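Trainee: Sending over a structure as structure tokens; questions will come in a sec.
The values are calculated or read from the model by the stated rules, or taken from the named source; none is laboratory data. These figures come from a predicted structure and were not determined experimentally. Cβ sites come from the backbone with ideal geometry, for glycine too, and all protein chains shown count toward neighbours. When the accessible area is computed, the model is the full protein with side chains, heavy atoms only, and any ligands, DNA or RNA have been set aside. Shrake-Rupley method; radii C 1.70, N 1.55, O 1.52, S 1.80 Å.
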Amino acid sequence: MSDTSQTSSRQGSSLLELSERTKKRNAAEARFRGYGMTAIAIGLIMLMILVFTIISKGVGAFQQTFVTVQVELLADKLDKKGNRNLDDIKKVTTFGYSPLIRAAAETSVEQAGIATDLKSKDIAGLLSKNAAATLREYVVSNPNQIGDTVTFRFLAQSRVDGYLKGRVTRESIANDKNISVAQLDLVDQLVDAGVIQKSFNLAFIFGSDASDARPEAAGIGVSMLGSLFMMMVVLVLALPIGVAASIYLEEFAPQNWLTDIIEVNIANLAAVPSIVFGILGLAVFINYLHLPTSAPLVGGLVLTLMTLPTIIISTRASLKAVPPSIRDAALGVGASKMQAVFHHVLPLAAPGILTGTIIGLAQALGETAPLLLIGMVGFIASNAPDGLASGLLSPNSAMPAQIYEWAKRADPAFYERAWGGIIILLVFLITMNTIAVILRRRFERRW
């Protein structure tokens with residue numbers, strides 16, 4: 001009787017046919033797979049939009065407009081005594097060079113065969129205010145050129161540069177005191193004559209920041225050096241301290257309530273907002289120890305405190321990933337505890353340690369908030385440091401702080417440079433992460 005009922009209950013079903021329950025389960029799995037693919041697609045689309053936005057807005061910073069003029073270095077203006085004494089030549093300020101630049105700009109317009117009603121002052125206004133300083137620096141470096149006519153490629157002012165890049169239009173300058181429509185008409189003619197040209201802006205990569213009146217002369221090179229010196233401090237301090245602390249906690253420290261408290265606090269410090277470390281650095285390193293404000297040394301010390309938890313956590317994870325059999329085998333052949341750790345465990349954990357260190361450095365490289373509180377965002381370094389001591393102790397800025405400073409300025413040219421600085425910063429970060437992957441693959445060992 002029971003066999004008959006079981007047989008009748010199976011009638012109408014087959015192993016080759018999916019039941020309703022199986023169909024629902026497969027449909028749920030397909031939906032979940034679709035959700036995952038949709039999430040990945042959205043993430044990739046947003047990443048592409050972000051990359052496109054950064055590149056499209058920042059690539060203009062790597063190009064700059066230059067005006068080619070021939071300047072006559074009049075001896076009666078630059079060396080009135082005629083003895084080529086460098087001290088006397090240095091006494092001529094940039095105001096003394098301005099008439100030479102005005103005359104050169106007017107001559108360039110005449111030689112191009114362009115008729116204009118603009119005054120020489122308005123014609124020279126197409127050049128950057130940095131032109132006089134550039135000319136003076138050249139004359140001081142080459143006093144033997146006084147009396148000659150020298151060809152210079154001066155930076156064009158930011159409005160001219162923005163006009164050729166499409167950032168400035170004739171409608172947008174209706175109330176602009178820096179440039180007029182008549183000057184833009186002259187710019188078009190000078191472009192056709194080859195006097196004004198756009199070219200690669202190497203000074204943006206290797207130059208220094210500039211004042212609000214000279215956005216076209218601003219560069220990120222000096223702040224790159226500031227970031228470099230900070231990363232040197234972080235690497236020299238954070239790597240040995242972090243690795244030593246990790247080895248002790250993981251391999252030698254007794255398991256008791258004290259080490260538990262230390263481990264919990266290290267994990268909590270990794271989640272502390274970076275600006276808290278900036279407040280700590282301001283209170284301890286500047287107010288108490290009286291270290292110089294805006295110095296890369298102070299910035300490096302602050303970023304070291306912020307990076308240490310990341311390095312310790314990643315190093316401990318790498319040490320923990322080494323199989324216990326490696327330790328047991330070393331101890332079994334007579335090695336001491338320290339020999340087992342330093343000769344066997346540590347080399348096997350080296351790829352993970354290097355990866356964690358470089359990722360920690362990359363995180364520190366992109367931090368801005370701690371640097372705000374120690375003054376590195378409010379300083380304009382006009383010259384590169386001339387040595388290790390100067391690089392560590394002289395006031396400077398850093399790449400993320402420089403980008404922040406540019407982004408809050410009013411002139412659109414600084415905003416363009418902020419995007420260009422982001423591109424350079426991303427190149428550094430991608431390079432550091434690539435090095436981390438290469439080192440991990442290079443030193444990775446299989447067991």
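Trainee: Report the FRET efficiency, 1/(1 + (r/R0)^6), for Arg167 and Glu72, where r is their Cβ-Cβ distance and R0 is 41 Å, rounded to 0.05. Mind showing how you got there, number by number?
Mentor: Details: r = 34 Å, r/R0 = 0.82.
So the FRET efficiency works out to roughly 0.75.
Trainee: Another question, if that's okay. Before I look further, what does segment 223-285 give for accessible area per residue, probe 1.4 Å, in whole square angstrom?
Mentor: Numbers: 3270 Å² over 63 residues.
Spelled out: the 1.4 Å probe surface of segment 223-285, per residue, equals 52 Å².
Trainee: Can you give the net charge of the other residues whose Cβ lies under 13 Å from the Cβ of Ser246, counting K and R as +1 and D and E as -1? Please list the in-between numbers first.
Mentor: Details: positive: Arg316, Lys320; negative: Glu250, Glu251, Glu263.
Net of charged neighbours comes to -1.
Trainee: Between helix 94-111 and the chain, what is the angle of the helix's C-alpha long axis to the longest principal axis, kept within 0 to 90° and rounded to the nearest 10?
Mentor: 80
Trainee: A further question on this structure: With viscosity set to 1.567 mPa s and temperature to 4 °C, compute the Stokes-Einstein D of segment 201-333, Rh being the Kirkwood radius across alpha carbon pairs; µm²/s, no decimals.
Mentor: Rounded to a whole number, D works out at 73 µm²/s.
Trainee: Binning at 10 angstrom from zero up to the longest distance, how are the C-alpha pair distances of segment 247-314 distributed in percent?
Mentor: 19, 40, 28, 12, 1
Trainee: Picking from Thr134, Ala115, Ala103, whose Cα lies most toward the positive end of the charge dipole for segment 79-219 (charges on Cβ: Lys, Arg +1; Asp, Glu -1)?
Mentor: Thr134
Trainee: Sticking with this one: Return the whole-Å distance between the Cα centroid of segment 36-88 and the Cα centroid of segment 299-352.
Mentor: 46
Trainee: On alpha carbon coordinates alone, what is the Rg over Rh value for segment 23-145, Rh being the Kirkwood radius?
Mentor: 1.50
Trainee: Given a Förster distance of 60 angstrom, what is the FRET efficiency for Asn265 paired with Arg25, based on the Cβ-Cβ distance and rounded to 0.05?
Mentor: On the way: r = 46 Å, r/R0 = 0.77.
That pair, Asn265 with Arg25, gives E of 0.85.
Trainee: So, how do all the Cα-to-Cα distances of segment 109-235 break down into 10 Å bins, in percent, from 0 on up?
Mentor: 11, 34, 33, 15, 6, 2, 0
Trainee: Projecting each Cα onto the charge dipole of segment 199-336 (Lys/Arg +1, Asp/Glu -1 at the beta carbon, about the Cα centre), which of Ser294, Gly226, Ile279 comes out farthest on the positive side?
Mentor: Gly226
Trainee: Could you give the angle, 0 to 90 degrees to the nearest 10, between helix 20-58's Cα long axis and the longest principal axis of the Cα atoms of the chain?
Mentor: Its long axis makes an angle of about 20 degrees.
Trainee: If you don't mind, there's one more thing I want to ask. Roughly how big is segment 76-148's charge dipole about its Cα centre, with Cβ charges of +1 (Lys, Arg) and -1 (Asp, Glu), in debye to the nearest 20? Can you show the working numbers first?
Mentor: Values: 11 positive and 10 negative charges, 63 e Å.
Using only the charged Cβ atoms, the result is roughly 300 debye.
Trainee: Semi-axes of segment 270-376's equivalent ellipsoid from the Cα gyration tensor, sqrt of 5 times each eigenvalue, largest first, rounded to whole Å? Let's see the in-between values first.
Mentor: Values: eigenvalues 283, 37, 20 Å².
Over the Cα atoms of segment 270-376, the ellipsoid semi-axes are 38, 14, 10 Å.
Trainee: About its Cα centre, what dipole magnitude does segment 232-335 give when the only charges are +1 on Lys and Arg Cβ and -1 on Asp and Glu Cβ, stated in debye to the nearest 20?
Mentor: On the way: 3 positive and 5 negative charges, 35 e Å.
The calculation lands at about 160 debye.
Trainee: For the chain, what % of the accessible area comes from carbon and sulfur atoms, probe 1.4 Å? Don't skip to the end; give the middle numbers.
Mentor: Numbers: 15190 of 24610 Å².
For the chain, the apolar C and S fraction of the accessible surface comes to 62 percent.
Trainee: According to a simple spin-label model (label point 7 Å from Cα along Cα-to-Cβ), what is the distance in nm between Leu47 and Glu110?
Mentor: Reported label-point gap for Glu110 and Leu47 is 6.1 nm.
Trainee: Please compute, for the alpha-carbon atoms of the chain, the extent along each of the three principal axes and give them in descending order in Å.
Mentor: Rounded to whole Å, the extents work out to 120, 69, 37 Å.
Trainee: ³J(HN,Hα) across segment 77-82 via Karplus (A = 6.51, B = -1.76, C = 1.60, θ = phi - 60°), whole Hz, x for Gly/Pro?
Mentor: In residue order, the calculated couplings are 9, 9, 9, 5, 7, x Hz.
Trainee: Find the Cα radius of gyration of segment 293-447, compare it with 2.2 N^0.38 Å by division, and give the number to two decimals. Please list the in-between numbers first.
Mentor: On the way: Rg = 20.6 Å, N = 155, 2.2 N^0.38 = 15.0 Å.
Output field value: 1.38.
Trainee: Find the all-direction average of the projected area of the Cα convex hull for segment 357-413, expressing the result in square nanometres with one decimal place. Don't skip to the end; give the middle numbers.
Mentor: Values: hull surface 20.4 nm².
Orientation-averaged projected area of the Cα hull: 5.1 nm².
Trainee: Still on this structure, I have one more. Putting +1 on Lys and Arg Cβ atoms and -1 on Asp and Glu Cβ atoms, find which of Ala75, Val51, Leu186 reaches farthest to the positive end of the dipole of the chain.
Mentor: Of the candidates, Val51 comes out farthest on the positive side.
Trainee: Going 7 Å from the Cα of Ala193 along its beta-carbon direction, which residues of segment 99-121 have the amide nitrogen within less than 14 Å of the resulting point?
Mentor: Zone members listed by number: 103-120.
Trainee: I need the calculated FRET efficiency for the pair Gln255 and Tyr288, taking r as the beta carbon distance and R₀ as 41 Å, to the nearest 0.05. Don't jump to the answer; show the numbers that get you there.
Mentor: Working: r = 35 Å, r/R0 = 0.87.
About 0.70, to the nearest 0.05.
Trainee: Using +1 on the beta carbon of Lys and Arg, -1 on that of Asp and Glu, and nothing else charged, what's the dipole of the chain about the Cα centre, debye to 20?
Mentor: Working: 39 positive and 35 negative charges, 210 e Å.
It works out to roughly 1000 debye.
Trainee: Normalised by the number of residues in segment 267-417, what is the relative contact order in percent for Cα pairs under 8 Å and 6+ residues apart?
Mentor: 33
Trainee: Using a probe radius of 1.4 Å on heavy atoms only, what accessible surface per residue do you get for segment 100-219? Whole Å² is fine.
Mentor: Working: 5940 Å² over 120 residues.
Counting only protein heavy atoms, the per-residue value for segment 100-219 is 49 Å².
Trainee: Still on this structure: Relative contact order for the chain using alpha-carbon pairs under 8 Å, separation at least 6, rounded to a whole percent?
Mentor: On the way: 588 pairs, mean separation 80.1, N = 447.
With pairs under 8 Å counted, the relative contact order is 18 percent.
Trainee: For segment 215-355, what's the relative contact order in percent, using C-alpha pairs closer than 8 Å and at least 6 residues apart? Before the final figure, lay out each step's value.
Mentor: Numbers: 106 pairs, mean separation 46.4, N = 141.
Contact order relative to length: 33 percent.
Trainee: Add -39500 (n - 2.57) for each DSSP H run of 4 or more in the chain, then divide by its residues: what number comes out at 222 nm, to the nearest 500 deg cm²/dmol?
Mentor: On the way: 21 runs with 274 residues, N = 447.
Roughly -19500 deg cm²/dmol at 222 nm, from the helical runs in the chain.
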